[in-house]
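Written below as structure tokens is the structure these notes are about.
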Amino acid sequence: MMQLNIPDRDYLNSGHVGCPGCGATIAMKLALRVLGEKTVVVIPACCWSIIAGNYPQSALKVPILHTAFATTAAAASGVRAALDMKGDTETTVVGWAGDGGTFDIGFQALSGAVERQEDFIYVCYDNEAYMNTGVQRSSSTPYGTRTTTTPGTEWKKTRKKNIVEALAAHRISYTATASIAFPDDMMRKFKKAMEMKGGPRFIHVFASCPTGWGVASELSIKIARLAVQTNMFPLYEVEDGVKYTLNYKGNRSIDEYLKMQSRFKHLTEEDIQTIQEMVNEDWQLLLRKIGP
């Protein structure tokens with residue numbers, strides 16, 4: 001097991017404007033504890049572009065580059081090139097985007113940067129919808145979810161895109177899932193990614209959103225933990241697109257997870273069973289990739 005030896009110092013100021021219980025804010029707090037002060041964060045249009053604050057104010061104690069929705073990976077590539085020209089090989093460049101700016105609008109730039117083997121860490125904090133603009137569905141939104149663009153009986157009837165598998169297919173150096181409810185595992189993965197210089201690394205962080213999901217703010221960590229314990233969001237790592245490592249085996253049914261959230265309150269028992277079958281199928285597929 002990797003020894004973390006993480007300094008007990010925060011690089012996130014108090015007084016930020018994240019919602020109560022914001023999983024994305026917790027994710028940044030944990031990540032920066034590992035990454036430290038020699039970090040440049042590239043943030044596109046997303047919840048975090050608001051949480052961080054308007055120039056010259058900032059919620060972070062590290063430099064931030066605000067960029068356009070589609071350009072996180074392209075901008076991070078440029079920052080890395082500029083630092084290299086200055087002879088700065090110590091500073092870590094981090095692209096920090098939501099699921100809309102990663103799964104959808106920013107995927108082309110991300111795919112291109114990974115293919116070019118750009119040297120940065122890309123983090124998707126996933127709250128499973130376009131939360132900053134009013135809870136519209138993204139391709140990360142799970143099957144069965146009601147959003148403002150999948151309302152009423154028109155709830156989302158397609159699966160969530162598997163972004164880690166998409167990046168693994170690029171033969172990316174390192175990609176992993178992480179959860180704010182498993183901080184030691186999450187920080188270990190950030191430390192591993194930070195130390196793997198020379199190519200792109202991708203971390204998919206499950207970041208619960210009480211506001212968009214319809215749960216009490218004090219349940220933010222519990223709901224994130226249940227997602228892992230039910231295998232809705234497995235914790236695993238992939239190196240070079242082929243070496244899989246499983247970090248946690250869940251064994252709980254999805255009933256409690258779904259029924260805690262108002263975004264799923266319309267689902268029938270038959271719908272829930274359908275989702276359970278999807279989760280079981282995905283879990284078995286993952287186990288086959290991991291091997292004995």
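None of the figures in this text is laboratory data; all of them are computed from the coordinates on show. These numbers come from a predicted model, not from an experiment. When we count neighbours, we look across all protein chains shown, and the Cβ atoms used for this are built from the backbone with ideal geometry, even at glycine.
If r is the Cβ-Cβ distance from Lys38 to Arg252 and R0 is 45 Å, what FRET efficiency results, to the nearest 0.05? Working shown, then result.
Values: r = 40 Å, r/R0 = 0.89.
Approximately 0.65, to the nearest 0.05.
Within the straight-line cut-off of under 28 Å between alpha carbons, the lysines reachable from Lys38 are Lys29, Lys61, Lys86, Lys189, Lys191, Lys192, Lys197, sequence neighbours fewer than 8 places apart in one chain being disregarded. Backbone N atoms of the stretch 36-58 closer than 12 Å to the 7 Å Cα→Cβ label point of Thr133 belong to residues 45-47. When +1 charges are put on Lys and Arg Cβ atoms and -1 charges on Asp and Glu Cβ atoms, the dipole computed for the stretch 23-290 relative to its Cα centre reaches about 260 debye. Please report how far the C-alpha centroid of the stretch 1-68 lies from that of the stretch 223-258, rounded to the nearest whole angstrom. So the separation of the two Cα centres works out to 25 Å. Residues whose amide H lies under 5 Å from that of Val42, counting only those 5 or more places away or on a different chain, are Leu65, Val94, Gly95, Trp96; hydrogens are built 1.01 Å from N in the peptide plane.
Over all other residues within a Cβ to Cβ distance under 14 Å of Cys22, the charged ones net out to -2, with Lys and Arg as +1 and Asp and Glu as -1. Between Ser111 and Ala216, full extension at 0.36 nm per residue minus the direct alpha carbon distance yields a gain of 34.2 nm.
Comparing Gly15, Gly100, Gly53 in a Gaussian network model of the chain where C-alpha atoms under 10 Å apart are linked, the largest mean-square fluctuation is found at Gly15.
If I stretch the segment between Asp84 and His266 completely, what's the gain in nm (0.36 nm per residue apart, minus their alpha carbon distance), one decimal? Using 0.36 nm per residue and subtracting the Cα-Cα distance, I get 60.3 nm.
Dividing the summed helix terms, -39500 (n - 2.57) for each DSSP H run of n ≥ 4, by the number of residues in the chain produces a 222 nm estimate of -10000 deg cm²/dmol to the nearest 500. Only lysines eight or more places from Lys156 in sequence, or on another chain, were considered; those with a Cα closer than 20 Å are Lys259, Lys265. Backbone N atoms of the stretch 272-292 closer than 20 Å to the 7 Å Cα→Cβ label point of Tyr143 belong to residues 272-289.
Among the trypsin sites (Lys or Arg not before Pro) within the stretch 78-122, those in coil by DSSP and having at most 12 neighbouring Cβ atoms inside 10 Å are Lys86, Arg116.
Restricting the count to DSSP beta bridges whose residues both fall in the chain, what percent are antiparallel, rounded to a multiple of 5?
Values: 10 of 34 bridges.
Bridges in the chain are about 30 percent antiparallel.
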